[in-house]
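In what follows, a single structure is set out as structure tokens and then discussed.
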Amino acid sequence: MTSAYEPLSLNVPEPGCRPGDTPDFSDFEIPRAGDVKRPPVDVDPDAIRDMAFSIVRVLNKEGEAVGDWAGDMSAAELREGLRHMMVLRTFDARMLTAQRQGKTSFYMQHLGEEAVSCAFARALQPGDMNFPTYRQAGLLVASGYPMLTMMNQIYSNAEDPLHGRQLPILYSSKEHGFFSVSGNLGTQFVQSVGWAMASAISGDTKIATGWIGDGSTAENDFHAAMVFASTYKAPVVLNIVNNQWAISTFQGIARGGVGTFAARGHGFGIASLRVDGNDYLAVHAVAKWAAERARRGCGPTLIEHVTYRAGGHSTSDDPSVYRSRREAAAWPLGDPLERLKTHLITIGEWSEERHAQAEAEILAEVTAVQKQAEAVGTLGDGKAPSPRDMFEGVYETMPPHLVRQRQEAGY
Amino acid sequence: MATEILMPALSPTMEEGTLAKWLVKEGDTVTSGDVIAEIETDKATMEFEAVDEGIMGKILVAEGTEAVKVNTAIAVLIEEGESADDLAAPAPAAAPAAEAPAPATASAPATPVETVVPEDPEIPEGTEMRKTTVREALRDAMAEEMRSDDSVFLMGEEVAEYQGAYKVSQGLLDEFGARRVIDTPITEHGFAGLAAGAAMGGLRPVVEFMTFNFAMQAIDHIINTAAKTRYMSGGQMTCPIVFRGPNGAAARVGAQHSQDYAAWYAQIPGLHVAMPYSAADAKGLMKTAIRGDNPVVFLENELLYGQSFDVPVMDDFTVPFGKARIWREGSDVTIVSFGIGMTYALEAADKLAEDGISAEVIDLRTLRPLDTDTVIRSVMKTNRCVTVEEGWPVASIGNHISAVLMEQAFDYLDAPVLNMTGKDVPMPYAANLEKLALITTEEVIAAVKAVTYR
């Protein structure tokens, strides 16, 4: 049978740059810092549809904070923010090396994405709950969760707060509003909406935040979360961290060739915007705006944090096989630490000398904590969680057959 | 003080690697975080960083050395003033964690039994054999089927550009192009449903799940769509599809990434379920799976991917579904297992032979159809049976084998059938707990001694 049409063919999107190519972000549109206006928190989502196609930015090239998202963080608060990001980066570097030394089995770092979670944490209140992925440990660092506890979990030693049951880095702290627990992609998004709806049903004032990566927006949970958040106007802030790469899969595979991730919120009538994820001030301002909106009952906000994963996806990943080694350096939104540091120096609240001194202090502090954790034990060395713990926590009370198995195991 | 630099484990399952390149030489000063070597694992080439500061005193393993075991000392770091020449011979690699206490052994010294390893009936006598990893065997099977049938294609996360998260699809994108080796968005439910649609539309999809744990999302399409389409359509519509990927525990991947789904899928009418142990079976069963007109759940294992077995060099080697393989013949007890469980079964059989107990070891190879005839025939000879699997104890494959033996070989049994399984808890992460949660060879040996009254 002949057809009047040409044969169809399959469209497979390709990134602009593969190993060996020269990175080119020239068609990546970046508005000038300060260009995007700050609407009132009770704004009608329809009135800010353009924000899903622009990017909220505060810090300009000169390191000045400009525009009406510039916010009101004091110099002391900004220095603290810089310190959180420096701690997280140093912590990551030490733990990455520890993994390479066999002291833990697996690690995931935040390199290039530190501002997203560190700045966001400062916009929340005690009692709020984050449903993060594996790359938002800044929420813990910035809320004072002890590094030693984090390392004890990474090393799976006898002091591991989760008793050797959970993977390294999938931290969990009810007290610090860090739900985590699940490593399965996407689940956090819809669960955060459920948690937020429960807060509304209970007449509470707490809000929830959901976190997802660009790649995982393809998961059902993303779409289900948006349906429920929209229908029930859940007090939730939904965050997409678009770091450009889902392991080897570039963000266009989840998004297709058009639109933005934030624009997906439009079909659901959700206030949707994009923010420069490497701009500490912008992330903080947007987070505060969205949290306020949720807490006042104005409904959910969808935030796309535009950033770049400068390191490997995990310690099992080798990015050089799928992307150019030069791409991270060519990323046009720069490095979040450098940008905040430049800003603080520009406003006369920081200096290269103080920075170098802070770097040395933080390295000494992280190293000292690391020694403390390693003195307890590392994976396969030192004091390990007790086999007793293996049988606890399966049920509220241990069923008889598990009591028997535990006894048979000699504990 | 001199410190040893050990071969690092760069992924949870890495046991050995190639020391591809030293980036420092003896006498160089290194500081923490310096990249000192490049190491190739089965997954990728990784940079290896120094954790301590010091001077490279001595390089103990030359670059280019292959198969360097994890935790082998590869270099010695010294401090200023120390001399590499003063160094004592490096201490041996750290001893492995203490083994579980050995079960009580038989009192009388036993006479070791002869081991009889039967030929695989699928392979003609005299066929040339080639050492192949399970990983390569699976790739070869897919490539052969893709060459002979243009309707076969592979889709899943990371299968194309990255060559598979566990490198099973190595080279397939180069040979078959992006039309037939397709990287998908991250949505197991989405691409399993999509592939089911493509199968119903006349293609033969092979769907890779990065692990079967992630297929929990897709289970509605696997069971409610793929397995039941033929039945519900009155036989008009079929769904010839293969769902494949690693299943069960790897190492240190915790509760959500270590589950064994053998018993789950084996329960479903309409599905075929394969769970090979050897590379030859992985290849032969995969080719059968792709050619068949029934939906197949093909359960692989991450720890087996890197293991090598003899694979026959044949133009078109297939293994039929529903035919168990007797790996070794024996007369005292039948050990029934499948997949990675075979590792424990065979190791136990070896040790039992030293104690004078002759174990017949059966690899089920496929769980649906299930070759109960071979098991029954064996038990009629040995009168005793122990089943071995990594999954949980309740409603396990072993439970089903026990029931079949109870119904069809009751009069031949001289002891209760024992089902050896993992412990009834979610998989813990910590290395010591994980080891305790899984089945061990010692537990299999203890079970055999219990049913043989030794």
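Report, ordered by the first and then the second residue, all pairs with beta carbons closer than 8 Å, sequence separation of six or more or different chains, a first member in the range B:410-432 that is more than 14 Å from chain A (Cβ to nearest Cβ) and under 30 Å from residue B:383 (Cα atoms), and a second member that is assigned to a loop (DSSP other than H, G, I, E, B) and among the polar types (S, T, N, Q).
That search, which allows pairs on different chains as well, returns B:412/B:383; B:413/B:383; B:414/B:383; B:415/B:383; B:415/B:452.
I'd like the residue in the range A:246-273 that is modelled with pLDDT of 95 or more and open to solvent by 10 Å² or more (accessible area, probe 1.4 Å) and, out of all such residues, is farthest from the other protein chains (Cβ to nearest Cβ).
A:269
Going through B:304, B:285, B:299 one at a time, which residue ends up being outside any helix (DSSP H, G or I), open to solvent by less than 10 Å² (accessible area, probe 1.4 Å) and either of a type outside the set (Lys, Arg) or at negative phi (or both)?
Details: B:304 fails: outside any helix (DSSP H, G or I); B:285 fails: outside any helix (DSSP H, G or I).
Being outside any helix (DSSP H, G or I), open to solvent by less than 10 Å² (accessible area, probe 1.4 Å) and either of a type outside the set (Lys, Arg) or at negative phi (or both) holds for just one of B:304, B:285, B:299, which is B:299.
Out of B:175, B:128, B:144, report the one residue that is among the charged types (D, E, K, R), more than 19 Å from residue B:284 (Cβ to Cβ), out of contact with any His (no Cβ under 7 Å at 6 or more places or on another chain) and touching a residue at least 12 places away in the same chain (Cβ under 8 Å).
B:175
Being modelled with pLDDT under 95 and either open to solvent by 20 Å² or more (accessible area, probe 1.4 Å) or among the hydrophobic types (A, V, I, L, M, F, W, C) (or both): is that true of residue B:161 here?
So residue B:161 fits the description; yes.
Among the residues of the range A:292-334, write down those that are open to solvent by less than 10 Å² (accessible area, probe 1.4 Å), among the hydroxyl-bearing types (Ser, Thr, Tyr) and either away from chain B (no Cβ under 14 Å) or outside any loop (DSSP other than H, G, I, E, B) (or both).
A:301, A:307, A:308
Can you spot a residue in the range A:371-384 that is over 16 Å from residue A:104 (Cα atoms), surrounded by 15 or more Cβ atoms within 10 Å (Cβ to Cβ), within 11 Å of another protein chain (Cβ to nearest Cβ) and not charged (D, E, K, R)?
First, pick out the residues of the range A:371-384 that are over 16 Å from residue A:104 (Cα atoms): none.
No, the range A:371-384 contains no residue that is over 16 Å from residue A:104 (Cα atoms), surrounded by 15 or more Cβ atoms within 10 Å (Cβ to Cβ), within 11 Å of another protein chain (Cβ to nearest Cβ) and not charged (D, E, K, R).
Within the range B:332-374, which residues are without any contact (Cβ under 8 Å) to a residue 60 or more places away in the chain, of a type in the set (Val, Ile, Thr) and surrounded by fewer than 24 Cβ atoms within 10 Å (Cβ to Cβ)?
Residues satisfying the conditions are B:372, B:374.
If residue B:338 satisfies every condition in (1) within 14 Å of chain A (Cβ to nearest Cβ); (2) aromatic (Phe, Trp, Tyr); (3) within 18 Å of the chain's Cα centre (by Cα) but one, which is the exception?
(1)
Which of (1) assigned to a strand (DSSP E or B); (2) within 13 Å of chain A (Cβ to nearest Cβ); (3) crowded, with 24+ Cβ neighbours inside 10 Å does residue B:153 not meet, given it meets every other one?
Of everything listed in (1) assigned to a strand (DSSP E or B); (2) within 13 Å of chain A (Cβ to nearest Cβ); (3) crowded, with 24+ Cβ neighbours inside 10 Å, residue B:153 misses just condition (3).
Going residue by residue through the range A:141-150, is there one that turns out to be modelled with pLDDT of 95 or more, part of a helix (DSSP H, G or I), within 30 Å of residue B:212 (Cα to Cα) and more than 14 Å from every other protein chain (Cβ to nearest Cβ)? Don't jump to the end; show me each part of the working.
Let us first name the residues in the range A:141-150 that are modelled with pLDDT of 95 or more, namely A:141-150.
Narrowing further to those that are part of a helix (DSSP H, G or I): A:141, A:147-150.
Pick out the ones that are also within 30 Å of residue B:212 (Cα to Cα) and you get A:150.
Narrowing the set further to residues that are more than 14 Å from every other protein chain (Cβ to nearest Cβ) leaves A:150.
Looking through the range A:141-150, at least one residue is modelled with pLDDT of 95 or more, part of a helix (DSSP H, G or I), within 30 Å of residue B:212 (Cα to Cα) and more than 14 Å from every other protein chain (Cβ to nearest Cβ).
If you check A:363, A:337, A:402, which single one turns out to be within 10 Å of chain B (Cβ to nearest Cβ), modelled with pLDDT of 95 or more and either touching an Asp or Glu at 6+ places or on another chain (Cβ under 9 Å) or in a helix (DSSP H, G or I) (or both)? Give the steps one after another, and end with the answer.
Details: A:337 fails: within 10 Å of chain B (Cβ to nearest Cβ); A:402 fails: modelled with pLDDT of 95 or more.
Exactly one of A:363, A:337, A:402 is within 10 Å of chain B (Cβ to nearest Cβ), modelled with pLDDT of 95 or more and either touching an Asp or Glu at 6+ places or on another chain (Cβ under 9 Å) or in a helix (DSSP H, G or I) (or both), namely A:363.
The values are calculated or read from the model by the stated rules, or taken from the named source; none is laboratory data. Predicted, not measured: the structure shown is a model, and the values here were computed from it. As a convention, Cβ positions derive from the backbone with ideal geometry for all residues, glycine included, and neighbour counts pool all protein chains shown. Just the protein is used for accessible areas: all its heavy atoms, side chains included, with ligands, DNA and RNA removed. Shrake-Rupley method; radii C 1.70, N 1.55, O 1.52, S 1.80 Å.
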